[in-house]
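Below: one structure, written as C-alpha cells.
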Amino acid sequence: MTSPARPPSQASHAELLADAARRAVRYLDSLDRRPVAPPADAVARLAALDVPMPATSTDAAQVLAQLDGIVGPATMAMAGPRFFGFVIGGALPATVAANWLATAWDQNAALATATPGVSRVEAVALTWLNSLFGLPPSTQGAFVTGATMANFTALAAARHDVLARAGWSVEADGLFGAPPITVLVGEEAHPTLIKSLGLLGLGRKRVVRVPVDGQGRMRADRLPRIAGPTILCLQAGNLNTGAFDPLAGLCAAAHEEGAWCHVDGAFGLWARASERLAPLAAGIELADSWATDAHKWLNVPYDSGIAFVRKPGVLPASMAISAEYLPAGDGARNPADYTPELSRRARGVEVWAALASLGRSGLAEMLERNCRGARRFATGLSAAGHEVLNEVALNQVLVSFGEPAVTERVVEAVQADGTCWCGRTVWQGRTALRISVCSWATTDDDVEKSLAAILRAAEQVKSRAR
C-alpha cells in the first residue's frame, strides 16, 4: 500500500520560524555596518537563482537558507537608518513583528463574518487615523496596497459621485456615453496620480494641468473656470520639495462650483499628526477624499496604502462586491466593500501596531526628528557653499553642486561611498541630489555621518575637476 505523500517541508513550523527569526535579526543588526547599496559581487551572485524550477521537493529550511544567502546580501538597506533615496521609511520593530504574526494567522481579510478579528483591528485603526488627521467624523477608509491604489480608490469614489450627481451610474453603465469629467491637476502632480486616472478611464493626457509656483505649489490664481463634473486633485507634500498646495483656498473655490476635491497626501498627510507640522496642511480637512501611504512615514512594512472618503456610502458604492457564496456580514463592515480587492491580506494590522506602539507623542516626535534632520542637511550643505533649491519645510532636501554633470557625479560618488544612499532628480530644470528623511531609525548621528559623506563626495568630485 502506497503511503500518502508528505508535505514538502520536513522542518517543523517552530524550527523554521525560529531559523527565520535568527536570520532576520542578524540581517537587521548588520544594517548599520554594511554599505547601504548592495555590493556588486552580491548582485552578481543573484545569477545563482537563474536555474530551472526544481523537479522534486526541497526542504523548507534549505529554501530559507538559499534566500538568506543569495538574496539578502543583494538587498538595498532600506530598513536601515541612512537610506534617503525615496520617500519611504523603514519598518518599526512592532510592525515587523505584527506582520509576522498576521502572516501566521493567514487571514483573507475581506469579510467581517469570516475574519472578525482582523476586520475589527482594521476598523479601529481607521478610526484612529481619522482622529489623528483631523478628518471629518463621517469619513470612511480602506486599506490598499500603496499610494497608487489609494489614489485609484479615492478617485473611483470621486468619479462615482460627480457622475451620480449628473444622473449617471458609472458602475452600471461604464464611461461610454457618460458626461465628460474634467480633471484638474498641478503641473507637478505625482506620476502615480496620473497613472490612477489612466486606470480609471479618465485619461492621462486629458487632464488639465494648473501652473505651479517656485516650490511646486498649485497657483490658486491660475485655477481655470470650473463647469460640469469636475475633480480637482491637490497635493500635500510635493515629491521633490515637500511643499503643500494652498489647500483651504483651492477647496473653497472648487466647492463653490460643485467640484470634488481630492488630496494626494502620500507622505504629507502625516504632517497632521504633529502640532508643529500641522499648519503646513491647513485646510486639508476641507477636501472630499485623501490618499496616503503608511509605509512612507508611519514606517510599516510594505504594502500599506490608505484611501479616505468624506461622504458616507460613496466609497462602498464604487467598490462593493456581492456573490451568493459570500456571507453578508449581518451589517458588519466588510473590508472588501471598500477596496478594489476581494482577496487581501490584513495590512491594517501593522498600521494598528504602529499607532499603538508609538502613540500620538511618539509619532509626532518621529516626524519632527526627521524634519530636523532634513533642516540639518540643508544647513550643512548650504554652509559648505552648495545650493539648496527648495524651502525645507518638511523632510525633503534638493541640492545642486553646480553644473548638471557635476551634480550627477556627486550623486554617483555618494551612492558608491555606501555611508548613505540618496537619489537624483531633475526639478524645474535643475539637476539635484534628493534627500528624503523618513525613517524611524535615523538619528542625529546618522544625519551627521551622512552629511559628512555627501560633503566629502562633493569635494572629491570638484577637486578632480580642477
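Each value in this text was obtained by applying a stated rule to the coordinates, not by laboratory testing. This structure is a prediction, so every number in the text was calculated from the model and none was measured. Virtual Cβ from ideal backbone geometry, glycine too; neighbours counted across all protein chains shown.
May I ask for the distance between the Cα centers of region 391-466 and region 31-80, given as a whole number of Å? About 28 Å separates the Cα centre of region 391-466 from the one of region 31-80. Label-to-label distance, Val25 versus Thr379, with points set 7 angstrom from Cα along the beta-carbon direction: 3.8 nm. Look at where the Cα atoms of region 190-245 and of region 113-140 average out, and the two centres are 28 Å apart.
Rank the residues Lys296, Lys311, Lys195 as a footprinting-exposure proxy: fewest other Cβ atoms within 10 Å of their Cβ go first.
Ordered from fewest to most neighbouring Cβ atoms within 10 Å, Lys296, Lys311, Lys195 come out as Lys195, Lys311, Lys296.
Computed over the chain, the per-residue total of -39500 (n - 2.57) for DSSP H runs of n ≥ 4 gives a 222 nm mean residue ellipticity of -12500 deg cm²/dmol, rounded to 500. Legend: Rg and Dmax of region 13-73, from Cα coordinates, 13.5, 39 Å.
Distance between the pseudo-spin-label points of Val43 and Tyr302 (7 Å out from Cα toward the beta carbon): 1.7 nm. Legend: calculated FRET efficiency, His13 to Glu171, from the Cβ-Cβ distance at R0 = 51 Å, rounded to 0.05, equals 0.75.
The radius of gyration of the Cα set in region 354-399, together with its Dmax, comes out at 13.4, 43 angstrom. Computed on the Cα atoms alone, the convex hull of region 276-417 gives a volume of 190 cubic angstrom per residue. About its Cα centre, the chain has a charge dipole of approximately 760 debye under the convention of +1 per Lys or Arg Cβ and -1 per Asp or Glu Cβ, with nothing else charged.
In region 412-435, whose amide N lies under 13 Å from the spot 7 Å out along Cα-to-Cβ of Glu387? List them in ranges. 427-433, by backbone N distance to the label point.
For region 66-188, the equivalent ellipsoid derived from the alpha-carbon gyration tensor has semi-axes of 35, 22, 17 Å in decreasing order. What the Cα atoms of region 1-129 give is an Rg and a Dmax of 18.9, 61 Å.
Considering only Ala346, Ser382, Thr407, and ranking their Cα positions along the charge dipole of region 336-466 that arises from unit charges at the beta-carbon of Lys, Arg, Asp and Glu, the one farthest toward the positive end is Thr407.
Give me the Kirkwood hydrodynamic radius of region 369-466 in Å, from all C-alpha pairs, to one decimal place?
Roughly 13.2 Å, rounded to one decimal.
Placing unit charges on the Cβ atoms of the charged side chains and taking the dipole of region 13-73 about its Cα centre, the candidate lying farthest along the positive direction among Pro54, Pro39, His13 is Pro39. DSSP loop chymotrypsin sites (Phe, Trp or Tyr not before Pro) in region 168-246 with at most 15 other Cβ atoms within 10 Å of their Cβ, which ones? Sparse-neighbourhood loop chymotrypsin sites (Phe, Trp or Tyr not before Pro): Phe176.
For region 414-430, the residues whose backbone nitrogen is under 17 Å from a point 7 Å from the Cα of Glu187, taken along Cα to Cβ, are 426-430.
Kirkwood radius, the chain, all distinct C-alpha pairs, inverse of mean reciprocal distance: 24.0 Å.
Spin-label model, Glu256/Glu408: points 7 Å from Cα along the beta carbon direction are separated by 4.7 nm. A dipole drawn for the chain from +1 and -1 charges on Cβ atoms has a positive end, and of Ala114, Met78, Ile321 the residue lying farthest that way is Met78. Computed across region 97-354, the Kirkwood hydrodynamic radius from all distinct Cα-Cα pairs reaches 18.5 Å.
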